[in-house]
Amino acid sequence: MKKNPSHITPPRLAEKLLLWFLKDELAEEVLGDLEEKFSSTIITKSVSRAKRNYWYQVLKYIRPFALKHNRSINSNQTAMFKHNILISFRSFKRFKTTFGINLLGLATGLASALLIYLWVNDELNVDNFNEKDSQRHVQIIYSYPTSGTIQTELNGAPNPLFEALAEEMPEVEYAVPVVIDPYYKGVLSAGDNSARAQFQFIGNGYFNIFPGDFIHGNKHKILSDKGEVAISEKLALSLFQSTEKAMGQLVELKNEGYGGSYLVSGVFKSSPNSSTASDALFSYELFRNPEMMKWYNGGTQAHLVLKEGVDLDQFNAKIKDFLKTVWKNSNFILYAQPYSEGYLYGNYEQGIPVAGRIIYVRLFSIIALFVLAIACINYMNFSTAKASRRIKEIGVKKAIGVGRKSLIIQYFSESLFMAFLSLIIAIGIAFLLLPQFNEITGKQLTFNLGSDAILSILGITAFTGLISGIYPALLLSGFNPVVALKGKLKSEIKGVWLRKGLVVFQFAISVILIVSVIVIYKQVEFIQTTNLGYNKDHIITFAKEGKLQKDAQAFFTEVKNIPGVVNASQMNGELPGRIGFSQGFKWEGMSEEDKNLRFHIISGGYDLIDLLGIRLKEGRDFSRDFPTDKDAYILNETALKMTKLENPIGQKFGNFNPNARTKEIIGVVENFHFQSLQEEIRPLFFRLSDQAEKFVVKIQAGTERETISRIEELYEGLNEGYPFEYKFLDDDYQALYASEERISVLSKYFAGIAIAISCLGLLALTAFSTQRRFKEIAIRKVLGSSGTDIVRLLSQDFIRLVFLAILIALPVSYYLMKNWLNDFAFRIGLDPMYFVIAGVLMMVVAWLTIMTQTAKSAKVNVTESLRSE
Amino acid sequence: MFYNLVTYIMKETKLGDFEETILLLVGILDKEAYAFKIAEEFEAQTDRAVSIGAVHSTLNRLGDKGFLTSEMGASTAERGGRRKRIYTITASGQRALQESRDFKISLWDQFPSLAGGNLNFNI
């Protein structure tokens, strides 16, 4: 087709553009000429050259003689534009307070919207990569039924899954295995330098779907050998002082299972918008061994690249029960989720992503819209209220023949002018507040003014200007000139109702925001103070590595001698959050279904339960006095309930492995929250282990600093080559709720802004309406009204509106907050007090605002205000 | 209004260099004198690129000055079946060209080294 020039047509878009501006009577000859030029260019030059030339020719036709007349610059319009700006300026000058309040409101609203825009934009870009195959990249997540619900996991899929899917499913182009888990960490050293590193195992094709910014080494060639490693820039600098020196050097990894020497074949920069960061990358081949590739061993994430045009829904229907066909013991359901969505849609129901952080993205987008809407409403209200002052201007204009269209243009240009003026201030505000905003959100946002951002910002501003202008423009331009010149404002009656409606809307939103702030704050506080069932304070954890991994007896003896140490033990996993689990346990009287019951397992040292302050309900803790305790279990209450054991102490419990002996249950502990409060408490048991991955040490309050430095001394003395890095258990807990904490702080600020803007509006509106009623007030005073009467008279209209707003807002906020709280398995109840507080608070703030104005007018000097006229 | 009148008068009297060339090309091309062909011919004769729009605009101006008339001509396949506007020089156009040439020759005649006949150019 491309060989025959007669089939190639000139670019349609260029043609359309030409016809749009070109005089109709010229169309035929010009199109003809240009087409002739086009076909002659094709013959001598390339098609793309010809197309470019066509565009060039079209653009060169933008000349006065060829343009349609109504597109030519009309000097009258420029004059009108100047006139409009002038009139706007005069009106700004005449109503200085209103102008100031308007500007302040719009600027604050826009600044909030700008900051939220930056944040939302950043959130939407997390894990959204632009690599070669990123658009077709899905991750397999799997779900299984457990204790009555369906649990979904991202990590720990059976290892052979990725290969099986790539082989069996024609839709899959290739599969990339990735192993990423906090478990895979170790100390890397080169010469005298060593640093702790979190590492990943990655398969071939990883960099087709994940970003890799390599300073040294070719990202598509590195890790071709099991003995190679790629390290992060940060790690390279701390081991070798320079990224160049690191290349081709050997590094030593200290780790159970993967320890050894590796050749550095690449140095990469960590990607800022990736949710999974690590310090070192190893080949998946290092992870792979025959035992690991058995179905019952898990840990490998299956990342697939689907072929072009594969329908995801159909593919998901097909793979749902795939695992059961290749591994008969499994009850896993599979689901392929586009990788870029994983970050925002990380909550699953019935094994399917439903929501997640996207809720916060939506929440803040809505807040931004609301805050802007409130600011726009202020503008609308002022402009229409002011209308009575400008009514003559409109009347005169109409009388001399100004059309409605140009009046509409005038009011729109006024509001747009206002919006862009506010934008300048808003950018200043946002710029100043950005560091604080970053601190709250935990991000590194910058004013990276790409063309997209500029367009969006201008778009938001223009939108704000148009929305604010739409009502005044339509209302004011519609006045009947005769009525307008007489100064009577019949049509204002309609305006009053709308204005009142808008005020109600503003305050309803403010009330909803207040309720939200209270509820979010209370829930966050609840999370932080709720009795977790264990005591997380003054406890530090640090890695149990090297020599100490095998034998920590000496360390335990000595650490307990340090004065500030209350107790010391060891454990696997992280509290709260990452606690291992297993299934396939048996006990007396179990049913067939119980085989699939999953138990979370904390294996740890003696004294762990005591150290964590977990209370025993029945039986006893592990004790050194009973050698048989090495094979004993301590269950939590949920586990007891699920197993339906009547007298648990002394009962046999164990796994299905025929070689394993069944062991005894020696105790039951009260339930404690070993996972996030968004989760129900699941069945769990404790088991003894002297090979756990980290130490847990409880320190006497107030002695942290000197005690920790003495522990450090001891640790480094006994365990050369391993740096001592500790964490407070409390910090882990805080980190788990970081996003709720941030939401709480942010919503507080934005609610404050919304309320402030609403009140500004109310302030100006009362000021305005009381000013108009000066004469009435004076006459009332003459006739004997007291100051309080007048204040009441002037306030009651607005107070009624605010009251109505509160009535509307409370049920809405109840519904919204109920929904939000549903995400938490453990949550506060919706106390009616929250609503009462919100309502009263709004009322008081509004009343005070109104009062500042009405009280002033109640003191009006009667003779002064009646004298004129 | 006043400005338009002034520019109109000024247009009437002047023939720019580019306008003159275009006018001559219209004469050369005769029955084939339409915007695209004139632009092609201009490029071929002068080795300078020109857009069809520029040529068209000049033709239009020359028409306003009364040096050219035009009418729609035949259509061809490579124009997508569209007709072309063929330009012809008017009597006043001829006169303007003539005057321009005479004026230049009289200038050349006053040019000392050339007036002696060292250079022979056939006009």
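Since every read-out is calculated from the coordinates, none of them should be taken as a lab result. Quick caveat, the model's predicted, so the values are computed rather than measured. Virtual Cβ from ideal backbone geometry, glycine too; neighbours counted across all protein chains shown.
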- When ranked by the protection proxy of mean other Cβ atoms within 10 Å per residue, highest first, what sequence do the peptides A:335-347, A:54-66 form? A:335-347, A:54-66
- Mind sorting A:LEU612, A:LEU760, A:LEU237 by how few other Cβ atoms lie within 10 Å of their own Cβ, fewest first? A:LEU237, A:LEU760, A:LEU612
- Query: What is the P(r) of the range A:5-71, as percent of Cα-Cα pairs per 10 Å bin from 0?
  - Reply: 22, 53, 21, 4
- What length, rounded to one decimal in nm, is gained on full extension from A:VAL326 through to A:THR276, with 0.36 nm per residue of separation minus their alpha-carbon distance? 15.0 nm
- Message: Compute the distance from the alpha-carbon center of the range B:57-71 to that of the range A:115-187, in whole Å.
- Response: 70
- Task: Can you tell me the FRET efficiency between A:ALA855 and A:LYS96 if r is taken as the Cβ-Cβ distance and R0 is 22 Å, rounded to the nearest 0.05?
- Result: 0.55
- Query: Which FRET efficiency value, to the nearest 0.05, is calculated for A:TRP847 and A:LYS443 with the Förster distance at 35 angstrom and r the Cβ-Cβ distance?
  - Reply: 0.35
- Rounded to the nearest 0.05, what FRET efficiency is calculated for A:LYS132 and A:ILE85 with R0 set to 51 Å and r the Cβ-Cβ distance? 0.50
- Estimated distance in nm for a label pair at A:GLN691 and A:GLN796, the labels positioned 7 Å out from Cα along Cα-to-Cβ: 8.3
- Contour minus end-to-end for A:ASP213 and A:ARG620, with contour as 0.36 nm per residue of separation and end-to-end as the Cα-Cα distance? 141.0 nm
- Hey, fewest Cβ within 10 Å first, where do A:HIS538, A:HIS137, B:HIS56 land in order? A:HIS538, A:HIS137, B:HIS56
- So between A:TRP295 and A:SER786, what do we pick up on full extension, going 0.36 nm a residue minus the alpha carbon distance? 168.0 nm
- Query: Given only helices, namely DSSP H runs of n ≥ 4 each adding -39500 (n - 2.57), what is the per-residue ellipticity at 222 nm of chain A, to the nearest 500 deg cm²/dmol?
  - Reply: -17000 deg cm²/dmol
- Item | Antiparallel %, DSSP beta bridges [both residues in the protein assembly as shown], to 5 | 80
- Could you pull out every one of the aspartates and glutamates with an alpha carbon less than 20 Å from that of A:LYS641, ignoring same-chain neighbours closer than 8 positions? A:GLU588, A:GLU592, A:GLU593, A:ASP594, A:GLU618, A:ASP621, A:GLU664, A:GLU670, A:GLU679, A:GLU680
- Computed over the Cα atoms, what is the radius of gyration of the protein assembly as shown divided by 2.2 N^0.38 Å, N being its residue count? 1.34
- Query: What is the order of B:TYR34, A:TYR534, fewest Cβ neighbours within 10 Å to most?
  - Reply: A:TYR534, B:TYR34
- Got a sec? Charge dipole of chain A, +1 on Cβ for Lys and Arg, -1 for Asp and Glu; which of A:GLY604, A:PRO353, A:ILE562 is way out at the positive end? A:PRO353
- Message: I want to check the label-to-label distance for A:GLN734 and A:TYR258. Put each point 7 Å from Cα in the C-beta direction and report it in nm to one decimal.
- Response: 3.0
- Query: Among the helices of chain A (complete DSSP H runs), which have Cα atoms covering no less than 20 Å along the helix axis and a Kyte-Doolittle mean of at least -0.5?
  - Reply: A:27-44, A:75-94, A:96-125, A:358-399, A:404-441, A:451-477, A:492-529, A:738-772, A:787-821, A:832-858
- Query: Percentage of Cα-Cα pair distances in the range A:210-274 greater than 13 Å, rounded to whole percent?
  - Reply: 61
- Query: What are the principal axis extents of the Cα atoms in the range A:679-810, in Å, biggest first?
  - Reply: 94, 38, 24
- Can you pull the mean other chain C-beta count within 10 Å for peptide A:25-32? 6
- Task: With the convex hull built on the Cα atoms of the range A:308-435, state its orientation-averaged projected area in nm².
- Result: 15.6
- Query: Of all chymotrypsin sites (Phe, Trp or Tyr not before Pro) in the range A:608-711, which ones are in loop regions per DSSP and have a Cβ with at most 12 other Cβ atoms within 10 Å?
  - Reply: A:PHE656
- Query: What spacing in nm lies between the two simple spin-label points modelled at A:GLN350 and A:ALA399, each 7 Å away from Cα in the Cβ direction?
  - Reply: 7.1
- Item | Normalised alpha carbon radius of gyration of the range B:2-114 [divisor 2.2 N^0.38 Å] | 1.20
- Along the dipole axis of the protein assembly as shown (charges at Cβ: +1 for Lys and Arg, -1 for Asp and Glu; origin at the Cα centre), the most positive-end residue among A:MET292, A:ASN208, A:ILE649 is A:ASN208
- Query: With the dipole of the range B:2-114 worked out from charges on the C-beta (+1 for Lys and Arg, -1 for Asp and Glu) around the Cα centre, which of B:THR76, B:ALA49, B:ILE22 lies farthest toward the positive end?
  - Reply: B:THR76
- Query: In terms of the ratio Rg/(2.2 N^0.38 Å) built on C-alpha atoms, what value belongs to the range A:606-707?
  - Reply: 1.21
- Query: Considering every residue in B:28-41, what mean count of other chain Cβ atoms within 10 Å of its Cβ is obtained?
  - Reply: 2
- DSSP-loop chymotrypsin sites (Phe, Trp or Tyr not before Pro) across the range A:431-462, with at most 14 other Cβ within 10 angstrom: A:PHE447
